[in-house]
Protein chains: 2
Amino acid sequence: MNTDSKTEITDDNLARQRLRLWLQMLKATRHVEGVLRDELRSGYDTTLPRFDVLATLHATPEGMKMSELSTHLVVSNGNVTGVVDRLVSEGLAERTNMESDRRAFLVRITEKGRVLMDEMTANHLEWIDKLFADVTETDAARGISIMLDIRRKS
Amino acid sequence: MNTDSKTEITDDNLARQRLRLWLQMLKATRHVEGVLRDELRSGYDTTLPRFDVLATLHATPEGMKMSELSTHLVVSNGNVTGVVDRLVSEGLAERTNMESDRRAFLVRITEKGRVLMDEMTANHLEWIDKLFADVTETDAARGISIMLDIRRKS
DNA sequence: TATGAAAAATTGATATATAAAGTAAATTTT
DNA sequence: AAAATTTACTTTATATATCAATTTTTCATA
């Protein structure tokens, strides 16, 4: 038995284990998104994408550029355009022209949006806490580290 | 300092840590999906949802019911209907009537689909292996366990 | 064995998403 | 500084997704 073939077998097992992790990540993520979606719809008549954008704006009251939003949320530019459009039409967010760069907009949460999010974020934290009830602090830390490792690649 | 308030503080920190994990899971998942989407589009002119469904059918050659597909992929029923429609029109999958239950369909991968997936799954494994290169076997196992814990809840 | 409840899919309406193309403004190059 | 490139964002086309309603069957049970 040579070293090369042994290495290949080992690496293949590792690759399969990584694939299993990826598939479970997908399932877990979709599961949590489904629960959050239900809560947001039944409790606040809103959607997950709108919540995600508004939560980001809530955490950064000074505002963000469209491109910063799409980078932060890991979604496309055109996507953010549409979701922000709806938030603006609902009076929850506002677009301001930037003097420094006339191509860009500064998107900010409105007072109405802030009041709404003050309440929603508290509930959101509880929903997640319940869904992740079996995840210990140690596991959470390990999980975060793994997620960061994945995103660091290419 | 009473025990109750100490417990509250501790629990709150744990809740915040769990929220951090969730946000990082979302980012990592979207990142990986983005890379896979690019590879599938440029290399095979197909989409991630189609790949996901076809990969599931590839792993279960005897076929699956529509509802089994949607449960397995953690997506809605109507969603699977649309994606399978397109796979069928592309000749990659087929719907068969079930004698045992005339409400249901048995969806199966076709020979054309199998040949295509034989090649795609090998590449898919490599893409994931590269993206997860920093994840050790131990971390992968721990990650899988965490993901299963999350999905077990409600 | 009627018959109301439950299950399996589809359909239609609406909201996301992405990719590619297009517009306008800022930057870099020559 | 004029031209070429890049950047920031929008728009259009297409493909997902979900939800709610509907259709067709099957199941439960009275």
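Put simply, of B:37, B:86 the only residue that is within 11 Å of DNA strand D (Cβ to nearest atom), over 25 Å from residue B:147 (Cβ atoms), of a type in the set (Lys, Arg) and open to solvent by 60 Å² or more (accessible area, probe 1.4 Å) is B:86. Reported count of residues in region A:92-102, each being over 23 Å from the mean Cα position of the chain (by Cα), away from DNA strand C (no atom under 12 Å from the Cβ) and not polar (S, T, N, Q), is 0.
Residues in region B:97-153 that are facing chain A (nearest Cβ under 7 Å) and either among the β-branched types (Val, Ile, Thr) or farther than 22 Å from residue A:14 by Cα (or both): B:128, B:135, B:144, B:146, B:150, B:151, B:152, B:153. The residues listed here are A:94, A:68, A:62; of these, the one that is buried (at least 17 other Cβ atoms within 10 Å of the Cβ), more than 10 Å from every other protein chain (Cβ to nearest Cβ) and of a type in the set (Asp, Glu) is A:94.
Here is a yes/no grid of residues against (1) near DNA strand C (Cβ under 10 Å from one of its atoms); (2) open to solvent by less than 80 Å² (accessible area, probe 1.4 Å); (3) within 22 Å of the chain's Cα centre (by Cα):
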residue: A:79; (1), (2), (3): yes, yes, yes
residue: A:104; (1), (2), (3): yes, yes, no
residue: A:109; (1), (2), (3): no, yes, yes
residue: A:112; (1), (2), (3): no, no, no
residue: A:117; (1), (2), (3): no, yes, yes
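The values are calculated or read from the model by the stated rules, or taken from the named source; none is laboratory data. Just so we're clear, the structure is a prediction, and the values are computed from it rather than from any experiment. Quick reminder, even Gly has a Cβ in these numbers, built from the backbone with ideal geometry, and neighbours come from all protein chains shown. Side chains included, ligands, DNA and RNA excluded: accessible areas come from the protein's heavy atoms. Shrake-Rupley method; radii C 1.70, N 1.55, O 1.52, S 1.80 Å.
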